[in-house]
Amino acid sequence: MSISRADRGSFANWWFTVDKVALIVMAGLIGIGLMLAVAASPAITGGPMSAGDFRYAARQLIYAMVALSILAGASLLSLRQIKIARDECYCPVDVTVLPGIGHAPHREAPNRTLIAMSDFVNRILHLHGEGELAA
């Protein structure tokens with residue numbers, strides 16, 4: 001399958017704007033987690049006198065597929081769709097929009113991204129009574 005830059009479809013637009021290094025790193029971390037689950041599954045599910053099976057690894061594989069589909073689906077959303085999801089979601093959703101920045105904020109505006117991330121972490125820590133909120 002060949003995608004040209006002239007194509008203006010949502011997938012083509014996503015492919016040319018997404019941070020591929022971050023995508024590969026996230027997929028690699030999921031792969032490492034699945035390898036560890038496969039290695040640990042027989043020991044977790046077996047007893048002292050019985051061999052284990054791979055129930056734990058199968059469950060982790062399902063979780064990984066769900067996580068990858070959420071990751072891919074969320075990265076395809078437009079700003080309008082993200083705001084609708086934030087408003088309609090039944091759980092707390094924190095959306096920070098950095099104007100003029102695409103799918104790679106850590107490369108396009110590292111200082112603004114770091115400030116937004118530290119504000120988010122400070123809010124979460126403060127909600128749980130940990131850390132101190134910077135003045």
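FYI, it's all coordinate maths here, none of it is from the lab. Being a predicted model, the structure only gives us computed values, none of them experimental. Neighbour counts run over all protein chains shown; Cβ positions are idealised from the backbone, glycine included.
Some points to look at:
- Taken about its Cα centre, the stretch 91-135 carries a charge dipole of roughly 160 debye when the Cβ of each Lys and Arg holds +1 and the Cβ of each Asp and Glu holds -1.
- A simple spin-label model places pseudo-atoms 7 Å from Cα toward Cβ; at residue 51 and residue 18 they are separated by 3.9 nm.
- Extension gain for the segment residue 109 to residue 81, taken as residue separation times 0.36 nm less the Cα-Cα distance, is 7.8 nm to one decimal.
- For the stretch 1-76, the average shadow cast by the Cα convex hull is 6.1 nm², which is a quarter of the hull's surface.
- Across the options 102, 117, 127, the greatest Cα extent toward the positive end of the charge dipole of the stretch 91-135 (unit charges at beta carbon of Lys, Arg, Asp, Glu) belongs to 102.
- Working from label points 7 Å from Cα in the Cα-to-Cβ sense, the residue 95 to residue 34 distance is 3.1 nm.
- Relative contact order %, the stretch 16-72, counting alpha carbon pairs below 8 Å whose residues are six or more apart: 26
- Across the stretch 73-84, rounded Karplus estimates of 3J(HN,Hα) from the backbone phi angles (6.51 cos²θ - 1.76 cosθ + 1.60, θ = phi - 60°) give x, 5, 6, 8, 6, 7, 4, 4, 5, 5, 5, 5 Hz, Gly and Pro being marked x.
- Charge dipole (debye, nearest 20) of the chain; +1 at Cβ of Lys and Arg, -1 at Cβ of Asp and Glu: 380
- Here the calculated FRET efficiency for residue 128 and residue 64, from their Cβ-Cβ distance with R0 = 25 Å, stands at 0.40, rounded to the nearest 0.05.
- Options [x] 2, 8, 12, 13, 14, 12, 11, 9, 6, 4, 3, 3, 2, 1, 0; [y] 2, 7, 5, 5, 4, 5, 4, 4, 4, 4, 4, 4, 4, 4, 3, 3, 3, 3, 3, 3, 3, 2, 2, 2, 2, 2, 2, 2, 1, 1, 1, 1, 1, 1, 1, 0, 0, 0; [z] 2, 8, 11, 13, 16, 15, 13, 9, 6, 4, 2, 1, 0 - which one matches P(r) over Cα pairs in 5 Å bins from 0, in percent as calculated here: [z]
- Size of charge dipole - the stretch 1-76 - debye, nearest 20, with Cβ of Lys, Arg +1 and Asp, Glu -1, no other charges: 100
- Computed over the chain, the per-residue total of -39500 (n - 2.57) for DSSP H runs of n ≥ 4 gives a 222 nm mean residue ellipticity of -21000 deg cm²/dmol, rounded to 500.
- Separation between Cα centres of the stretch 1-78 and the stretch 100-126, rounded to whole Å: 24
- Gyration tensor verdict on the stretch 83-135 (Cα atoms; rounded if a/c is under 1.5, prolate if a/b is larger than b/c, oblate otherwise): oblate
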